[in-house]
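I have placed the structure first, in the form of structure tokens, so that the comments after it can refer back to it.
The values are calculated or read from the model by the stated rules, or taken from the named source; none is laboratory data. It should be emphasised that the depicted structure is a prediction, and the values quoted were computed from it without experimental measurement. Note that we place each Cβ from the backbone using ideal geometry, even for glycine, and neighbour counts take in every protein chain shown. In case anyone asks, the SASA skips ligands and DNA or RNA and just uses the protein heavy atoms, side chains included. Shrake-Rupley method; radii C 1.70, N 1.55, O 1.52, S 1.80 Å.
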Amino acid sequence: MTHTIRQATADDVGRLAELAAVTFPLACPPASSPEDIAAHLAGTLSERHFRAYLADPAVTVLVIDSGGGLRGYSLLVNRPALDPDVASALTALPSAELSKCYVHPDHHGLGAAADLMHASIESAAAAGARGMWLGVNSENTRAIRFYEKSGFRKVGTKSFRLGSAVEHDFVMERPLRG
């Protein structure tokens, strides 16, 4: 697959929201209700929310652009973790959060996710982070394997509200070049 990884622009918000609607449900536990997933998409991954992310100087959104179509995206937050469970688990400070990292299922296994991860790590390091962390659902074994292969290790746990359900996430961290 030929692609470019670049920073998202305001022109991407509609395609980002569409991509999120395809990719986010794949990361959810099998028992997640469609209503809870829809509520999360509306409350966190809508066009309005992507516009706000792009306007926030502490947030970087990277996209995989393949022939003008978006095939994946990551969202980095370069500010201290607010969740006390996360903050107490992190050791490589300052740390950037890899808040979202998704690739369209048609592009799984083609190297796109590894390329996006590499670009996300480079972006966080360039912004001054000494570490990167993420939360991943404890049942999402495919993602956990990918993150471990990308240099992350489990350092703690946190809760994540998905609509009416409270999910359990692993907190994973990796150091960045310093």
What are the residues in region 2-23 that are touching a residue at least 60 places away in the same chain (Cβ under 8 Å) and either under 14 Å from Glu47 (Cα atoms) or out of contact with any helix residue (DSSP H, G or I) (no Cβ under 6 Å at 6 or more places or on another chain) (or both), if any? Thr2, His3, Thr4, Ala8, Leu19, Ala20, Val22, Thr23
Looking at region 1-42, which of the residues that are among the polar types (S, T, N, Q) and either within 19 Å of Ser120 (Cα to Cα) or in a helix (DSSP H, G or I) (or both) is nearest to the chain's Cα centre (by Cα)? Thr23
Considering region 1-36 alone, what residues qualify as being open to solvent by 40 Å² or more (accessible area, probe 1.4 Å), among the charged types (D, E, K, R) and over 20 Å from Asp65 (Cβ atoms)? Glu35
Of all the residues that make up region 106-122, how many are under 15 Å from the mean Cα position of the chain (by Cα) and touching a residue at least 24 places away in the same chain (Cβ under 8 Å)? 9
Run Arg177 past the list (1) under 17 Å from Lys100 (Cα atoms); (2) surrounded by fewer than 16 Cβ atoms within 10 Å (Cβ to Cβ) and report the number of the one that doesn't hold. (1)
How do the pairs read when you match residues in region 78-93 that are closer than 13 Å to Gly135 by Cα and hydrophobic (A, V, I, L, M, F, W, C) with residues anywhere that are modelled with pLDDT of 95 or more and assigned to a helix (DSSP H, G or I), using Cβ under 7 Å and keeping only pairs 6 or more apart or on different chains? Ala81/Ala87
Out of the residues in region 144-166 that are open to solvent by less than 20 Å² (accessible area, probe 1.4 Å) and of a type in the set (A, V, I, L, M), state the one that is modelled with the lowest pLDDT. Leu162
Does region 67-88 contain any residue that is β-branched (Val, Ile, Thr), in contact with a Leu (Cβ under 9 Å, 6 or more places away or on another chain) and within 19 Å of Val13 (Cα to Cα)? yes
Exclusive hit being open to solvent by less than 30 Å² (accessible area, probe 1.4 Å), modelled with pLDDT of 95 or more and more than 15 Å from the chain's Cα centre (by Cα), set Ala81, Ala96, Ala125, Ala129: Ala129
Could you list, in sequence order, the residues of region 37-61 that are open to solvent by 10 Å² or more (accessible area, probe 1.4 Å), over 13 Å from Thr23 (Cα atoms) and aliphatic (A, V, I, L, M)? Ala39, Ala42, Ala52, Leu54, Ala55, Ala58, Val59
In region 43-67, how many residues are in a helix (DSSP H, G or I) and of a type in the set (A, V, I, L, M)? 3
Among (1) acidic (Asp, Glu); (2) touching a residue at least 40 places away in the same chain (Cβ under 8 Å); (3) more than 25 Å from Ile37 (Cβ to Cβ), the one test that Glu139 misses: (3)
